[in-house]
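The values are calculated or read from the model by the stated rules, or taken from the named source; none is laboratory data. Computed from a predicted structure; not experimentally measured. In this analysis, Cβ positions are derived from the backbone assuming ideal geometry, glycine residues included, and neighbour counts consider all displayed protein chains. In case anyone asks, the SASA skips ligands and DNA or RNA and just uses the protein heavy atoms, side chains included. Shrake-Rupley method; radii C 1.70, N 1.55, O 1.52, S 1.80 Å.
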Amino acid sequence: MDKLKIKNRVEIEKMKQSGKAAATVLKRIGEAIAPGVSTADLERISRDTIAEVKATSSFLGYQLPEHEPYPATICTSINDVVIHGIPDESQVLEDGDIIGIDTAVSIEGYHGDNAYTFPVGDISPSAERLLKVTRNSLYDAIAEAKPGNRIGDISSKLQSGAESQGFSVLQNFSGHGIGRNLHEAPEVPCMGIAGRGLRLRAGMVLAIETMVNIGFSDVHILADGWTVATVDGSLSALFEHTVAILSDGPEILTGSELWET
Ligand code: MF3
Ligand code: CO
């Protein structure tokens, strides 16, 4: 992970643009989600929209340690898949599924990263509750992203929001700083202790993300080397915003109408 970089006013303005572009891509994909649609269809919509907003995919060709270059512009994570599902023609959405879409783009060298878990048609009450709880916990955590607080204040909100409802958060994957690199310091775990960790300062920009399972937190990686799924087969949800820490508090850079519904 690159070292921590504080952004100035000009850089934050640029990151507003990339955040807005990432939000547009996510919203457009969401509008297409329905039973019978394949995740390859969603990948095509993503590529078209990224071109339309004159951005560049941050995921395509991205190399995580010990992984092949990522082959797509979005991650499509259905039901018990937590993160990093790869779009494919054979992966067709069914009524009652939930699908996490994760997408990041850059404009003028600055990245914006966001994710949202969508219902496909009618979903079960327990899936509905998972989505609501996970999304609310993200917003409770974002409210802590202000100067003087610490990383642990964000992380503990993510953890307690999920665990107070009987769900579990992922242990080995984290949110992250973001800027000229998709992943920068600091790490922003989904679990932690309030009052602990790095102190937050104005000019930090964080991709705050939370991954919540209905069942146990254990996950395994599937044969493709990327897809992370729950071991117990329970449903998992993912939500993520890119957030700038300003002197007067957090500003979400990846907001759109999608999140207002
Ligand atoms: N959005 C993911 C994250 O921030 C990154 C996906 S890695 C990629 O952790 F390789 F798929 F791009
Ligand atoms: Co991210």
Just one of (1) aliphatic (A, V, I, L, M); (2) assigned to a loop (DSSP other than H, G, I, E, B); (3) in contact with a Gly (Cβ under 7 Å, 6 or more places away or on another chain) trips up A223, so point out which. (3)
Tell me which residues, restricted to segment 33-86, are small (G, A, S), within 11 Å of ligand 1 (Cβ to nearest atom) and touching a Pro at 6+ places or on another chain (Cβ under 6 Å). G61, A72
So the check is Cβ under 9 Å with 6+ separation or different chains; which pairs have a first residue in segment 113-127 that's within 16 Å of V212 (Cβ to Cβ) and at pLDDT below 95 and a second one that's within 14 Å of ligand 2 (Cβ to nearest atom) and of a type in the set (D, E, K, R)? none
Quick check on my filter: what residues within segment 151-168 are crowded, with 19+ Cβ neighbours inside 10 Å and more than 15 Å from ligand 1 (Cβ to nearest atom)? I151, G152, D153, I154, S155, S156, K157, Q159, G161, A162, F167, S168
Can you tell me which residue is farthest from L258 (Cα to Cα) among those in segment 132-150 that are surrounded by fewer than 22 Cβ atoms within 10 Å (Cβ to Cβ) and hydrophobic (A, V, I, L, M, F, W, C)? A143
Kindly indicate whether G233 is surrounded by 20 or more Cβ atoms within 10 Å (Cβ to Cβ) and either assigned to a loop (DSSP other than H, G, I, E, B) or among the basic types (K, R) (or both). no
In segment 64-81, is there at least one residue being surrounded by fewer than 23 Cβ atoms within 10 Å (Cβ to Cβ) and within 24 Å of G255 (Cβ to Cβ)? no
What single numbered condition from (1) at pLDDT 95 or above; (2) open to solvent by 60 Å² or more (accessible area, probe 1.4 Å); (3) within 16 Å of ligand 2 (Cβ to nearest atom) fails to hold for N172? (1)
Does D102 satisfy being touching a Gly at 6+ places or on another chain (Cβ under 8 Å) and of a type in the set (D, E)? no
Which of the residues spanning segment 82-101 are open to solvent by less than 30 Å² (accessible area, probe 1.4 Å) and within 16 Å of ligand 2 (Cβ to nearest atom)? V82, I83, G85, G100, I101
